[in-house]
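Can you read through this structure? Questions will come right after.
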Amino acid sequence: MLRVDLVKKMDGRRLVAALRGVPRALREDLWTAPADPLPPMGSPGWPVWRPVFGVLLVLVAAAIAVVHVSDLVSPGAGIPGYVVLLAVLQSAVLVAGMSRPLSAWWASTVLMVVTVRISEPVMSQDTLFPWSISGIALQSGALFLLALRVRPRRAAEALAISVLAGVACTAFTTQPHNLDVDRAAPVLIAAVVVGAMLRGLRVARTELGVQEELTAEERARRTLLEERNRIARELHDVVAHHMSVISIQAQVAPHLVDNPSEELNENLAGIRENAVRALTELRRVLGVLRSEDSPSQEVRHAPQPTLDQLDEMVGNVRGAGLTVTTRTTGDPHPLPPGVELSAFRIVQEALSNVMRHAPGARARVEIGYHAAALTVRVTNTAPARPAEPSRGAGHGLLGMRERTAMLGGEFAKGPIPGGGYEVFATLPLEATPSVRAAGC
């Protein structure tokens, strides 16, 4: 018995707390909380004919205003100026509901009460009260526009307040009237239900559009990953295999020759070392290609080559038989990582091109430090003998151009007097405005 009493007391306290919270909830729902923003033209769930709907609404509101004036006065009586003013205001409020539905509904409800209280003594007893036919149209229109832009609970609260306002108007009359609250309520309810359904359809279409975009992005992402994996497999199966064979052959070759010379041993050791380094960089590239989101920990923290390693790389090229001289101008200073990496790769690729396409030529590398840019110039003399035909379309010059363009720099290449060739790149130390905009 004691437990039952305790439960009843707790239920009573919850009911009291809920009732006390009703005014606050109504204030938040129907006063402070904003309505849904108007979707942009042509967005999912919002018709592109919105301007046409606005024009039609203005014409309908004007027609209702004319009818509303005649409903507020007795047949044969004069039309007071305040009646015309109130009818025009209610119609204007209906039009304003397209942009500010919450304020428009409040204004429509208040104007309805004021109009009824002022016009009630002179209204015909046969006229519907408190809403005439035109009054029902105005009030249901305001509720409909509100239901299009707020959650169903808020629209239901507004409907309840509108019906209660009509009931309150019937409680204070000076003469008998043709009361129509029971007939007007279904119309108001239907307006709210239709508006809420259309809002739900719009929200569903918007969410569907978002999901379709996410699905398309995910599909494109999966396609990209599949293509990257395919490229990684090709690189691994072809390039890695051949580089491994080169490394092994360079290691075994000294044992196939009786008393190999020191020069031969050094050249073979250089070949093997370069093959091992190429395999290391290839593994790094494969790790990037096969990663779905970001490089693995090992790849992410692997050091990228810098200009400090330029002498080492040039030494390897010299060991392969190419005569290379280097020159540095300006005061060396710290460079952005992207600039330093691009400069190293441009020099590396340019020297590789000299070895492939200009056998027997001499190469010269010039690095220039400037206040706002780094310049890279690689030249070579005329080849001593014809180069072997290329077995495919090269991508070296294209890669150098893309690296330079990525930094917003300038790239030039072409023959020089004497039969040689030149590659020149200017790498800005700060991104240009177009590069910054492209990265946003």
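The values are calculated or read from the model by the stated rules, or taken from the named source; none is laboratory data. Bear in mind that the values here come from a model prediction, so they are computed numbers and not experimental data. Neighbour counts run over all protein chains shown; Cβ positions are idealised from the backbone, glycine included. Keep in mind that these areas ignore ligands, DNA and RNA; they rest on the heavy atoms of the full protein, side chains included. Shrake-Rupley method; radii C 1.70, N 1.55, O 1.52, S 1.80 Å.
Given a Förster distance of 41 angstrom, what is the FRET efficiency for Ile133 paired with Glu227, based on the Cβ-Cβ distance and rounded to 0.05? Could the numbers behind the result be given before it?
Values: r = 67 Å, r/R0 = 1.62.
Calculated value: 0.05.
Distance in nm between label sites at Leu208 and Arg362, each 7 Å beyond Cα in the beta-carbon direction?
Rounded to a tenth, the inter-label distance reads 7.5 nm.
How large is ³J(HN,Hα) for each residue in the stretch 102-119, as worked out from phi by the Karplus curve 6.51 cos²θ - 1.76 cosθ + 1.60 (θ = phi - 60°), to whole Hz, x for Gly and Pro?
After applying 6.51 cos²θ - 1.76 cosθ + 1.60, I find 5, 5, 5, 5, 4, 5, 5, 5, 5, 5, 4, 5, 5, 4, 5, 5, 7, 8 Hz.
Could you work out what % of the accessible surface of the stretch 119-247 is carbon and sulfur, using a 1.4 angstrom probe and leaving DNA, RNA and ligands out of the count?
Numbers: 4470 of 6890 Å².
Solvent-exposed carbon and sulfur of the stretch 119-247 make up 65 percent of the total.
Residues in the stretch 334-375 near a label at Thr306, defined as backbone nitrogen under 15 Å from the 7 Å Cα→Cβ point?
Answer for the stretch 334-375: 334-345.
Please give me the summed charge of the neighbours of Pro130: other residues whose Cβ is under 15 Å from its Cβ, Lys and Arg +1, Asp and Glu -1.
The answer is -3.
Would you kindly derive the ³J(HN,Hα) couplings of the stretch 150-157 from the backbone phi angles with the Karplus curve 6.51 cos²θ - 1.76 cosθ + 1.60 (θ = phi - 60°), listing them in order in whole Hz, with x for Gly and Pro?
Per residue, the Karplus-derived 3J(HN,Hα) values read 10, 5, x, 4, 5, 5, 5, 5 Hz.
Next question, about the same structure. Label Ser99 and Ala387 with points 7 Å out from Cα along Cα→Cβ: what is the distance between them in nm?
6.8
On to the next question. With Cβ to Cβ distances under 13 Å as the rule, what net charge do the other residues near Arg20 carry (K, R +1; D, E -1)?
Numbers: positive: Arg13, Arg14, Arg24, Arg27; negative: none.
Result for the neighbourhood of Arg20: +4.
Skipping prolines and chain starts, which residues have an amide H placed within reach, meaning under 5 Å, of the one on Thr306, given they are 5 or more residues away or on another chain?
Under 5 Å from the amide H of Thr306 lies no amide H from a residue far enough along the sequence or on another chain.
Over the stretch 314-386, average the accessible area per residue using a 1.4 Å probe and give it in Å², no decimals.
Normalised by residue count, the accessible surface of the stretch 314-386 is 47 Å².
Further question: Just the accessible area for Ser261, please: 1.4 Å probe, Å², rounded to the nearest 10?
Surface accessible to solvent at Ser261 totals approximately 60 Å².
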